[in-house]
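First comes the structure, then the notes that go with it.
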Amino acid sequence: MSAEKATALVLRAVEFSETSYVLTLWTREFGRISALAKGARRPKAPFDSALDLLTVCRILFLRKTSGGLDLLTEARLERRFRPPHGDLARLYAGYYVAELLLSLTDEYDPHPELFDLADATLVELAQVRLPVAAIVLRFEWMALRLLGHLPLLSACVECATPVPAAGRVAFSALAGGVLCPRCRGGKRNVISLSAAAIEAMSTYAEPDHTPDAVPDAARWKTMQLEKKTRAELRGVLNNYLSHLLGHRPQMHDYLGFLGQ
Ligand SMILES: [Zn+2]
């Protein structure tokens, strides 16, 4: 075993014995890890309250060399996830961030930028500046980008012909992006999207600092969407994520309001 230090976000805590938890942590340095926190359920636990769901903490852990669980030896609280009291929408959105990190990432596959994105998303959710729906969309699209799952939106995913965002555009979750009129024929599960939806998707997936970015780099923050475009966006993303994960995200049951 070797001792490691990391910054971690608590994604899940499962009771392991009368006194211990098994934690799933999303760390900036090592990606997702599972660690046993011995004695964490005792009243005077060595970890204080640093292990609550969605808490960011600095941890020290012993890494198992083969199989088994890592062993958490220290956790120091950095930041707690505190949405405004009684704001269930923001709370559920936080749980959804945890669910996506759990299901889209692999153990010991670090993505520091995705850690920073998740951290920034939770901070943004706890404030009341931007609508929850926009914060969630931004997290989803950027997470897809950072993990290499971003659907192709500007060119046909089959033949690379540019597909302008005009009129109606064919989109296939199965193929992984938009299809030109020639390639869409005979394909199953193709949906038709408005140009506005395609443009909104591209905006949400835009990195903060593209090389030739115009000064209003964070365009997603000020973008106004029509109600029907927002519903369309939710539909296509729900469909795409379900396809990617092989199941419907559980938190979607609680997040129906996002498409309204
Ligand atoms: Zn094509």
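The values are calculated or read from the model by the stated rules, or taken from the named source; none is laboratory data. Since this is a predicted model, take the numbers as computed values, not measurements. Every residue, glycine among them, receives a Cβ derived from its backbone with ideal geometry; neighbour counts consider all protein chains shown. Accessible surface is based on the protein model in full, side chains and every heavy atom, while ligands, DNA and RNA are left aside. Shrake-Rupley method; radii C 1.70, N 1.55, O 1.52, S 1.80 Å.
Distances between placed amide hydrogens fall under 5 Å for E158 paired with C180, all partners being 5 or more residues away or on another chain. Each residue of the range 169-174 was assigned a 3J(HN,Hα) from its phi angle through the Karplus expression (A = 6.51, B = -1.76, C = 1.60, θ = phi - 60°), giving 10, 7, 10, 10, 5, 5 Hz with x at Gly and Pro.
Straight-line cross-link reach from K38 at under 22 Å between alpha-carbon atoms covers these lysines, not counting any fewer than eight positions away in the same chain: K5, K64.
The stretch between A218 and T65 holds 50.8 nm of extra length on full extension. This uses 0.36 nm per residue minus the Cα-Cα distance. With all protein chains in place and ligands, DNA and RNA left out, the 1.4 Å accessible area ranks H149, H243 as H243, H149, largest first. Placing +1 on the Cβ of every Lys and Arg and -1 on the Cβ of every Asp and Glu, with nothing else charged, gives the chain a dipole about its Cα centre of roughly 480 debye. The amide H of R12, built 1.01 Å from its N in the peptide plane, has T24 as neighbours under 5 Å, considering only residues 5 or more places off or on other chains.
Here K187 is the anchor, and the lysines within straight C-alpha reach of less than 26 Å, apart from those fewer than 8 places off in the same chain, are K228. Here Y254 and L147 are evaluated by their C-beta separation; at R0 = 22 Å the FRET efficiency comes out at 0.40.
On a per residue basis, the convex hull of the C-alpha atoms belonging to the range 105-170 measures out at 128 Å³.
Of all the stretches in the chain, which is the longest one without any exposed loop site, taking trypsin sites (Lys or Arg not before Pro) in a DSSP loop (any state but H, G, I, E, B) with at most 11 other Cβ atoms within 10 Å? By the stated rule (loop sites, at most 11 other Cβ atoms within 10 Å), 45-128. In order along the range 218-225, phi translates into HN-Hα couplings of 8, 4, 4, 6, 10, 5, 9, 10 Hz, rounded to whole numbers, per the Karplus curve 6.51 cos²θ - 1.76 cosθ + 1.60 with θ = phi - 60° and x for Gly and Pro.
Projecting the Cα atoms of F115, S34, L88 onto the charge dipole of the chain, computed from C-beta unit charges around the Cα centre, puts L88 farthest toward the positive end.
Under 5 Å between amide hydrogens, built in the peptide plane, is the criterion, and for H111 it picks out G31 among residues at least 5 positions away or on other chains.
Shown in residue order for the range 142-157 are the 3J(HN,Hα) couplings computed by the Karplus curve 6.51 cos²θ - 1.76 cosθ + 1.60 at θ = phi - 60°: 5, 5, 4, 4, 5, 9, x, 10, 5, x, 6, 10, 10, 9, 4, 6 Hz (x for Gly and Pro). Averaging 1/r across all pairs of distinct Cα atoms in the range 22-138 and inverting the result yields a Kirkwood radius of 15.1 Å. The value for the range 144-260 of Rg(Cα) / (2.2 N^0.38 Å) is 1.08.
Around the Cα centre of the range 42-138, unit charges on the Cβ atoms of Lys, Arg, Asp and Glu (plus for the first two, minus for the last two) sum to a dipole of about 420 debye.
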